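*Asks:* Got a structure for you, written out below as structure tokens; questions coming shortly.
The values are calculated or read from the model by the stated rules, or taken from the named source; none is laboratory data. Quantities reported herein were computed from a predicted structural model and do not represent experimental measurements. All Cβ positions, even for glycine, are placed from backbone atoms using ideal geometry, and neighbour counts span all protein chains on display. Just so you know, the surface numbers come from the protein's heavy atoms only, side chains and all, with ligands and any DNA or RNA stripped out. Shrake-Rupley method; radii C 1.70, N 1.55, O 1.52, S 1.80 Å.
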Amino acid sequence: IMTVEGQIKIRKLCDDYQIRIPSLTGDCFMQAPFWKYGGSLREDLVTDFFAIIKACGQLNIGVIVMPLVDGGSLKTLSEEKILIDVLQKAQSLMTSLKIKIAFESDFPPSKLAKFIRKLEPEVFGINYDIGNSASLGFIADEEFVSYGERILNVHVKDRPLGLSTVPLGLGDADFDSVFKNLSNYGYKGNYILQTARDADGMHSEILMEYREKTASWIANHES
């Protein structure tokens, strides 16, 4: 995605298979978050961030998911300030390229609502990860009351409380509550399957099963 040659190849594959890429999840921000570094390293990482925005613009990728979890989790007010300062500097570029950022966060609902209110609603929103919320013990109704109107992207996943990803339906995610709330808040964005791999290697088959489950949850709660 970061080279002209790569962008040409991506466009060709999209044309050949009649697909599009509406969003990109930037795990690089979790692995090397510019808000946790200083000096020249931070400058280099911020330069990379702007380059990623421009690359997404070249491919009409409209949403960049920025994970504020694990290695990218915001631990101090100083880290939050650094992040917000850089985002505000990037806002005009993002607006010109019609790109938004959706944050995936481990903040509890009230704290995440306070954070997202500091940023422009037309450019910045929330990536709702169903499994991560279940693992953290969050209640869907409380989350949606806090920031439901700011959700731009959804990761479909299941996790037990405090544990890692499991097949859909085997964890603690309350899918009926989540999809009811998504419908009530008029969500019309992406559903990204970040689901558990199949233990027997039948990945295509299990993805089709997960796709049908997700489509069923959406249909059952359409308002």
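*Asks:* Look at A173 and say whether it is outside any helix (DSSP H, G or I) and either in contact (Cβ under 8 Å) with a residue 40 or more places away in the chain or surrounded by 21 or more Cβ atoms within 10 Å (Cβ to Cβ) (or both). Quick ask: steps written out before the conclusion?
*Replies:* Details: outside any helix (DSSP H, G or I): yes; either in contact (Cβ under 8 Å) with a residue 40 or more places away in the chain or surrounded by 21 or more Cβ atoms within 10 Å (Cβ to Cβ) (or both): yes.
The answer is yes for A173.
*Asks:* Out of the residues in segment 176-198 that are of a type in the set (V, I, T) and in contact (Cβ under 8 Å) with a residue 40 or more places away in the chain, state the one that is surrounded by the most Cβ atoms within 10 Å (Cβ to Cβ).
*Replies:* First, the residues of segment 176-198 that are of a type in the set (V, I, T): 178, 192, 195.
Still in the running and in contact (Cβ under 8 Å) with a residue 40 or more places away in the chain: 178, 192.
Details: V178: 22, I192: 18.
Among them, the one singled out is V178.
*Asks:* Another question about this same structure. Considering only residues of segment 187-211 that are assigned to a loop (DSSP other than H, G, I, E, B) and within 18 Å of the chain's Cα centre (by Cα), which is nearest to L152 (Cα to Cα)?
*Replies:* Looking only at segment 187-211, we keep the residues that are assigned to a loop (DSSP other than H, G, I, E, B), and these are 187-189, 194-202.
Next, from what is left, pick out any that are within 18 Å of the chain's Cα centre (by Cα): 187-189, 194-196.
Working: Y187: 8, K188: 9, G189: 6, Q194: 16, T195: 19, A196: 23 Å.
Only one residue fits best here, namely G189.
*Asks:* What strands (runs of 3 or more DSSP E) completely inside segment 49-141 contain at least 1 residues that are of a type in the set (S, T, Y) and either in contact (Cβ under 8 Å) with a residue 60 or more places away in the chain or surrounded by 20 or more Cβ atoms within 10 Å (Cβ to Cβ) (or both)?
*Replies:* Numbers: elements: 63-68, 100-105, 124-129.
Counting at least 1 such residues, we get 100-105, 124-129.
*Asks:* Given the options I139, I126, name the one that is touching a strand residue (DSSP E or B) at 6+ places or on another chain (Cβ under 6 Å), modelled with pLDDT of 95 or more and of a type in the set (A, V, I, L, M).
*Replies:* Numbers: I139 fails: touching a strand residue (DSSP E or B) at 6+ places or on another chain (Cβ under 6 Å).
The conditions single out I126.
*Asks:* A follow-up question, please. Can you run down the residue pairs with Cβ atoms below 8 Å, 6 or more apart or on separate chains, where the first is in segment 199-223 and free of Cβ contacts under 8 Å to residues at least 40 places away in the same chain and the partner is open to solvent by less than 80 Å² (accessible area, probe 1.4 Å) and aromatic (F, W, Y)?
*Replies:* Between residues of segment 199-223 that are free of Cβ contacts under 8 Å to residues at least 40 places away in the same chain and residues that are open to solvent by less than 80 Å² (accessible area, probe 1.4 Å) and aromatic (F, W, Y), the close pairs are I218/F179; I218/Y191.
*Asks:* Only residues that are within 24 Å of L77 (Cβ to Cβ) and of a type in the set (A, V, I, L, M): list them for segment 1-45, please.
*Replies:* The answer is M30, A32, L41, L45.
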